[in-house]
Structures are given as C-alpha cells and as structure tokens.
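Computed from the coordinates by the stated procedures, all read-outs in this text should not be read as laboratory data. Predicted model only: the values in this text are computed from it and were never measured. Cβ placement follows ideal geometry from the backbone for every residue including glycine, while neighbour counts extend to all protein chains displayed.
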Amino acid sequence: MSTVYDIFKKTLGLLSKYRLPPTPEHYSLWYVYVSEENPELNRALDQTLAKSDELGPSSAALLYQAHLADSRWRDTQGLNDSLQALTQELSSTLQDTRQDTAQFQRALNERFARLSGIEDGNISLDTLMDEVRNLVKDAKWMNGSADHLQSRLSTAEDEVSRLKEALAKSREEALVDVLTGLRNRRAFDMELASMTGPVSLILLDLDHFKAVNDNYGHLLGDQVLKATARQISLFLKDEALAFRFGGEEFAVLVDAPLAVARRKAESLRSLIAKVTVTDKRTGQKIDKITASLGVAQGQGGESSIQLVDKADALLYEAKRLGRNRVMPLSL
C-alpha cells in the first residue's frame, strides 16, 4: 500500500514528466490519478495518454473540470467570468460614450462655425433659429448618452459589489473541506508555499480508521472525522492552522519551534483519545479513537516538499512503533 509520501513523490514525477506547471489543479489531477481514488479519471487520463503520450495544460484543464472540480470551484470560475464580462460591457459602454462625446464636439464646432456668420450679417433669422434648435437637439442627445452611462455605472457598481462578495465567499469555500469544515489540501499547499521563516508541521493520521469504516459504516466514520476536526480546531484556536490533508489524515502548521509544536502534537493526541462518537440510530459507540503524529520543523534552504517528507517519515515511524504516539518521542 502506497504511503501519502509515495503518492506525493510519484505525483511530482508525473508533473515533471509531462512538463505541467505545478498549479493546485495539475497537482490534484496527478495526485488523485496516482492514488487511484477516481477510476473514471484514471480511465479518461489513460485514454488521453494512449492517443499521444502527451498531456498539455488544455487537456489537463478539461480532465480536471470533468472529474475533479467541485461545484464550489466551478462557481468561483463562473463568478470570475461574470466579472470579466461585466468589465468588458462597461468598457464597451465607455467607448460608446467617448464616441458620442467626440461626435457631439464635432457637431458643436460645425454649428458654431455657421453661427459665426451672425457678426457679418450673413445668416438669416430662420437659419439662426434652425441652428439653435439643432443645438438643443444635440444637447438633449448628448444628455441622454450621459444619462445612460450614469445609469449603467450605477447598476454596474451594485453588480460589481455583489459579484465581489460572492467571489470572495466562493473562493473561501473552495479552500474548505466540506465534511470537516477545516481548510483543505489546496489551502495547505497555498499556505505552506507562502510561509516564510521557520515553520513546524504536524501530520496526524487516525489509527485503524479503515476498520472503523468497515465495522461501523462510512456515515459513522464521517462523524469520527468531524469530531476529530472539532477537537483540533477547539484546541488550536488561532494559534496554528489546521487542514484536512486527505482521508483520515490531518495537518497542522505551527509558526513555532519544533519543541513547541511537539507539545501541541502531544496535547492533540491526548484529546483525540477522548473523542467519543455515538450512532444515534443504533446506539453504537466508538470511544477508542487514537492517532499517530509526526512533527518536523523546516530548516533554512529546505523546500516545502522536504518538510512534508520529514513529518511523513516520522508519522509512519509512530505507526511502526505501535501507533497512538508522537514522533519524535522526545527532544
């Protein structure tokens, strides 16, 4: 059985092989492919590669949209498209108004040129009145164009405000795990890439979770995941960032030295051991939930991949030594 890090390494290898930029979407595509979590995606990707043995960004985008992009992420893209369309429409309206203004200016120049004949007595009263009427007509026309622009700008201001709020909300939701309410793997990758200075990483994996799903069903397994996420969130508060890393694995980024992060990990292990979940339908209770944790601190010059590698290795060392423990054992 492949470990998370095995999948991680294979994913990076495939990104490199097919020369795809390491965006969250490309990473997700290959990560799910390697982990074989989505058979339909694997079949579609295999068929694509069988045709040309190449996978360009456009093909990758189509596969991602078809098999991985959830409705919230598609909503975000849709809102982005709406903002772009609104911007283009406003640009077109402004361009029309500029053309109207230029036309009005030309008309004014022509009419004032003709009216200049008054001084020489070369213009009749009827002609003068016609020019005045035309000036009033042109002014009304220009005023209508300005009113249209003002109305469109006012409407657009409301639309932009609404779309921006919806877009911000959609982007935030796209970075949140639906089941647990924690930040998701996409958010983890983005956050870790943006952090500077020493940071510690806690990787936490629930022990024997497959047995929970097998013995009690996936619905109760989901309740265990949600209860675990609640304990993590309540304990950490605003002192660290928690993520659902994937499956029954969680990640915590701590802006503190290794010793501090390890103490937090030990506290998390103790709290999770107290989690109790009861099936309201049957009265069945799960109260022997444990977790194994690996804690590592990033060093100067290390990549985020190396930090995940170290924490992942320590996590699986905790599993090997009997589970329900934090590695390293002491500092």
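A few points about this structure:
- Spin-label model, Ala66/Ala50: points 7 Å from Cα along the beta carbon direction are separated by 1.3 nm.
- Label-point gap, in nm, between Asp222 and Arg320 - each point 7 angstrom along Cα→Cβ: 3.6 nm
- Whole-angstrom gap from segment 183-209 to segment 255-331, using each part's C-alpha centre: 12 Å
- Among 290-303, 30-43, the peptide with the highest mean count of other Cβ atoms within 10 Å heads the list, and the full ranking is 290-303, 30-43.
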